Each structure stands twice: as C-alpha cells, then as structure tokens.
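Step one of this worksheet: look at the structure below.
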Amino acid sequence: MNLRLVVSGASPKPCLHPLPHAESEAPAPEQTLKVFFDGAWHDVPFYRRAMLEAGHRFQSPCVIVQDDSTACVPPGFNATVDSGGNIVLACAEQQS
C-alpha cells in the first residue's frame, strides 16, 4: 500500500531586524587564550557572538563563540559584522 500527500500554501516571510550599529569598531573580547595556529602559539581573543553589533571589526586570529557553534578566524584574515549579523571575512593581504 502506498500513500502520497502533497500540501501547498503560502508561508509568511520572516521579519529580519538589522543589528544596532556599534559605537566603536573593535568589540571587547570576553577572554583571551593561547591557541596554536600555523606552528606557533598566539594570544587569541574570544568574542561572544550575541554581543557583536553591526560595524564591529576584528583582526585574526580570533574565535567567535555562540551556544550552538564556534567560528575560528585563522591568521591572515580580517572580519567585519554586517547589519544582518553576518561575519564577513576578507583576506588581510587583499585589503592593503
């Protein structure tokens, strides 16, 4: 016996609110720990994702933590938070 069901309908679009714009470019790290990258130890700032605002910029290496994931920004990259809360990485050499 087989049963097949097809349902269609309109779903509401999500209402996305832009992040508030940061008063300063650099966010305050929650803590700094030693992390091993590319064969060397680095003092790496850890940022809490929920505390980031639009316009925050930070250099690598760094770690961004949140309840369900962790993002690692390796050496050689810079990061910027956009108004949608996305963390945009750019190669540091290309920005010079």
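The values are calculated or read from the model by the stated rules, or taken from the named source; none is laboratory data. Values in this document were obtained by computation on a predicted structure and should not be read as measured data. Glycine also receives a Cβ, built like all others from the backbone with ideal geometry; neighbour counts cover every protein chain displayed. The protein model used for the area step is the full one, side chains on, heavy atoms only, and it has no ligands, DNA or RNA in it. Shrake-Rupley method; radii C 1.70, N 1.55, O 1.52, S 1.80 Å.
List of remarks:
- Distance (nanometres) between label positions extended 7 Å along Cα→Cβ at residue 24 and residue 91: 3.2
- When all protein chains stay in place and ligands, DNA and RNA are ignored, the 1.4 Å accessible-area order of 13, 34, largest first, is 13, 34.
- Taking the alpha carbon gyration tensor of the chain, multiplying each eigenvalue by 5 and rooting it gives semi-axes of 35, 19, 14 Å, largest first.
- Area accessible to solvent at residue 7, 1.4 Å probe radius, in Å²: 120
- Surface listing: 62, 72, 91, 15 arranged by accessible area from highest to lowest gives 15, 72, 91, 62, probe 1.4 Å.
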